[in-house]
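Worksheet: the structure to be examined is printed underneath.
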Amino acid sequence: MCLTLFFIVSAYILYRAYQYFFPAPNINPTGKYVLISGCDTGFGHGLALELDKQGFHVLAGIYSLNNQQKLKSLLSDRATVFKLDITKQEDIDDAYKLISSKTQVLHALVNNAGVGACGYIDWVTVDSMRKVMDVNFYGHVSMTKTFLPLLVAKRDSRVVNICSVAGYLAAPGMVAYCTSKYALEAFSDCLRREMSVWNLRVSIIEPGFMKTPIVEGHDASLRTLWNTLSTDVQDRWGEQHLNKQVEEVANNIFIKFAENPKKVVNALKHAVMNTKPQIRYRPGWQSGVLMFALSTLPARLADIIIEKTNTAAVKPSGVRGQLQN
């Protein structure tokens, strides 16, 4: 057993060393179109600028038209910036008409748009979970299904989906976000296996906390959510537990040491440009080292570690009452 493990680890190290010293070449970007959703800020914005510099025809979808002129001023004349709310099929259909009037072939679709969300299962409503799923999952499904004909018009096109560590490691207080990302992971795997006969490349990006707007304001969001809860739910958890949770979110070491989003942009660029894109990218130390290692532990051990780092010091008032009785 130890010998087998040694050979597996050695083979992996040699493979990674070969990839590092003999990287696969990039494609020629000339004449190739790349569609990116969520280019207002963050990863999508950075990727649009980077691919435009490389010579791609960038098709940048933005949620707010207020960002249109600013982004257009940063891109070349090859780029097209347009409004795109991926939760609205009419926006997606309009985008398809616009893009199909320019090209009948898409080199890549980058499903980047997304929203953050926090709150325990006992706190969030089903409707609020649906809204997160509409953006982080169903919107990307609709985009992929709509643009699939343009992607399979040639071999070696790509779909690149922005997932998260939350797509392979579920954390307390993130049920809506984790559920949407787990769903997108499964969709990505199904898409890759079903469309392999067209040689459609499907890559999944799984970053940890990065310095983008999506990681900001979670502590304030928790208090806002608390104020919407019914009295019985508030009594069950208690304000002391809420305050501890808010404190931990505000002082979260992973948010405090959020990494440079350029790491994610570089992974996205590789997935779009390289002749041998990876299936999964885990950019940064949070995802590539700590979180992934935690996800591979036996479930009971992982549960203990996660529980000890999530408000275990202050039990909900309902639990304290049970223990006293």
Given labels modelled 7 Å from the Cα in the Cβ direction, how far is it in nm from Lys70 to Arg300?
5.2
What translational diffusion coefficient, to the nearest whole µm²/s, does segment 117-171 have by Stokes-Einstein, given a Kirkwood radius computed over alpha-carbon pairs, a temperature of 4 °C and 1.567 mPa s viscosity?
96
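Please work out the Kirkwood hydrodynamic radius for the chain, using every pair of different C-alpha atoms, and report it in angstroms with one decimal place.
In the chain this quantity evaluates to 21.4 Å.
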Would you mind giving the three semi-axes, in whole Å and largest first, of the ellipsoid equivalent to segment 138-240 according to its Cα gyration tensor?
37, 13, 12
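Once the Cα gyration tensor of segment 254-325 is found, what semi-axes does its equivalent ellipsoid get, as square roots of 5 times the eigenvalues, in whole Å, sorted largest first? Walk me through the numbers on the way to the answer.
On the way: eigenvalues 297, 42, 16 Å².
Square roots of five times the eigenvalues give 39, 14, 9 Å.
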Contact order normalised by residue count of segment 167-293, Cα under 8 Å, 6+ apart, percent:
36
Pulled fully out, how much extra length does the chain show between Arg193 and Ser100, if you take 0.36 nm times their separation in residues and subtract their Cα-Cα distance?
30.9 nm
Counting alpha carbon pairs within less than 8 Å and at least 6 residues apart, what relative contact order, in whole percent, applies to the chain?
17
Along the charge dipole of segment 253-297, which of Ile253, Asn266, Val289 sits closest to the positive end, that is, farthest toward it, with unit charges on the beta carbon of Lys, Arg, Asp and Glu (+1, +1, -1, -1)?
Asn266
Cα-projected label distance for Glu247 with Ala11, points at 7 Å along beta-carbon direction, nm
5.1
In the structure shown, of Lys72/Lys97; Lys154/Lys263; Lys70/Lys276; Lys70/Lys244, the pairs separated by more than 32 angstrom at the C-alpha atoms are Lys70/Lys276; Lys70/Lys244
Given unit charges at Cβ for Lys, Arg (+) and Asp, Glu (-), the dipole magnitude of segment 123-177 about its Cα centre in debye, nearest 20, is 240
Paramagnetic reach from Lys154 in segment 167-204 [backbone N under 20 Å; point 7 Å along Cα→Cβ]
195-203
Could you tell me the extents of segment 1-144's C-alpha atoms along the three principal axes, largest first, rounded to whole Å?
58, 51, 26
Mean 1/r over all different Cα pairs, inverted: what Kirkwood radius does segment 16-83 give, in Å?
12.8
Would you work out the charge dipole size for the chain about its Cα centre, treating the Cβ of every Lys and Arg as +1 and the Cβ of every Asp and Glu as -1, and quote it to the nearest 20 debye?
1100
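We did not get these values from a lab; they are worked out from the coordinates using the rules stated. Small disclaimer: the values here were computed from a predicted structure and weren't measured. Methodologically, a virtual Cβ is constructed for each residue, glycine included, from the backbone with ideal geometry; neighbour enumeration extends over all protein chains shown.
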